[in-house]
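Remarks on the structure that follows.
The values are calculated or read from the model by the stated rules, or taken from the named source; none is laboratory data. Given the structure is predicted, the values throughout are model-derived calculations rather than measurements. A quick note on method: Cβ atoms are made from the backbone with ideal geometry, for glycine too, and the neighbour counts reach across all protein chains shown. What goes into the accessible areas is simple: the full protein's heavy atoms, side chains included, and nothing from ligands, DNA or RNA. Shrake-Rupley method; radii C 1.70, N 1.55, O 1.52, S 1.80 Å.
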Number of protein chains: 2
Amino acid sequence: MTDLLYLEDLYPGQTFISGSETITEADILAFATQFDPQPFHLDHEAGKASIFGGLAASGWHTAALTMRLNVSSGPKFAAGIIGGGGEITWPAPTRPGDILHVEYEILEITPSRSKPDRGMILLQCRTVNQTGATLQLAKMKLIVPRRPA
Amino acid sequence: MTDLLYLEDLYPGQTFISGSETITEADILAFATQFDPQPFHLDHEAGKASIFGGLAASGWHTAALTMRLNVSSGPKFAAGIIGGGGEITWPAPTRPGDILHVEYEILEITPSRSKPDRGMILLQCRTVNQTGATLQLAKMKLIVPRRPA
């Protein structure tokens, strides 16, 4: 088991990398059917006719899969991954057969003024496929506890 | 069927409202098991011991459910809901039994300089529960086509 990470263990510029996972066409169709049933997420021809130029996963599917990688093999922050929010963009579509991993970089660390037992970090999570294309870029604010005395 | 919305039909300050949907404990556990298997999303006791103070849905589940409401009963933009990205925060946790709907407001409209057939809008999507609490606030950039001549 990996040691848990507390605020004291982190520094700006620190990087981590997740394991990888393949997204299948069946995965894409199942997620889209449940949460984002738009034609370009459900049908090859509709995908080709769209701005995506082919069947593409819902951006929220890419986000959910990124979260799964965060939990399974991302940095192990002591209180888990509790996001206050952030910015998210999807520079390129996620396609059937893509193999995704996540590259992390700590951008900022801000100790809490009111709560001395914790701080906030700004974590960049870049979701990358097997060709090196960035499928999602997220900058998320996370609460990280200090190491107990 | 609702008429499709083109860029010419939209103006800053314009509002829309979605239908509503209940999120069950089973829904929360199923999504968390698949995409965000952290204890506070899977177990009441772990939820109580966490910053959430009780079992809470993954923020990405709230995001996915918001997307389902967008597609089923949000504003019907002509090319569908194609998000370039945006900002997202989760001001309050989503709980079992919450009844969610989405309140939309168009914040900005920016015609494309390079592509005369479309523009970009900044759409605020506020996901609200039955008590009026804001569970998610998203400001998303969407591509919207102009009405064909």
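Structural remarks
- The range B:33-51: number of residues that are surrounded by fewer than 19 Cβ atoms within 10 Å (Cβ to Cβ) and at the interface with chain A (Cβ under 8 Å from one of its Cβ atoms): 4
- Residue in the range A:104-111 that is closer than 24 Å to B:Pro93 by Cβ, out of contact with any Ser or Thr (no Cβ under 6 Å at 6 or more places or on another chain) and within 12 Å of chain B (Cβ to nearest Cβ) present: no
- Subset of the range B:135-147 that is open to solvent by 50 Å² or more (accessible area, probe 1.4 Å) and touching an Asp or Glu at 6+ places or on another chain (Cβ under 8 Å) - its residue that is farthest from the other protein chains (Cβ to nearest Cβ): B:Arg147
- Of all residues making up the range A:57-80, the number that are within 9 Å of chain B (Cβ to nearest Cβ) and either at pLDDT below 95 or open to solvent by less than 50 Å² (accessible area, probe 1.4 Å) (or both): 13
- Filter result for A:Gly54 (out of contact with any strand residue (DSSP E or B) (no Cβ under 9 Å at 6 or more places or on another chain), at positive phi and facing chain B (nearest Cβ under 8 Å)): no
- Test result for A:Glu21, within 8 Å of chain B (Cβ to nearest Cβ), in contact (Cβ under 8 Å) with a residue 12 or more places away in the chain and outside any loop (DSSP other than H, G, I, E, B): no
- Residues in the range B:84-100 that are within 11 Å of chain A (Cβ to nearest Cβ) and open to solvent by less than 30 Å² (accessible area, probe 1.4 Å) were compared, and the one that is farthest from A:Ala57 (Cα to Cα) is B:Ile88.
- Screening B:Asp3, B:Asp27, B:Asp43 for residues that are charged (D, E, K, R) and in contact with a Lys or Arg (Cβ under 9 Å, 6 or more places away or on another chain) leaves exactly one candidate, B:Asp3.
- Of all residue pairs spaced 6 or more apart or on separate chains, those with beta-carbon atoms under 6 Å, a first member in the range B:123-149 that is under 17 Å from B:Gly86 (Cα atoms) and a second member that is among the β-branched types (Val, Ile, Thr) and open to solvent by 10 Å² or more (accessible area, probe 1.4 Å) are B:Arg126/B:Thr134; B:Leu137/B:Thr89; B:Ile143/B:Ile82.
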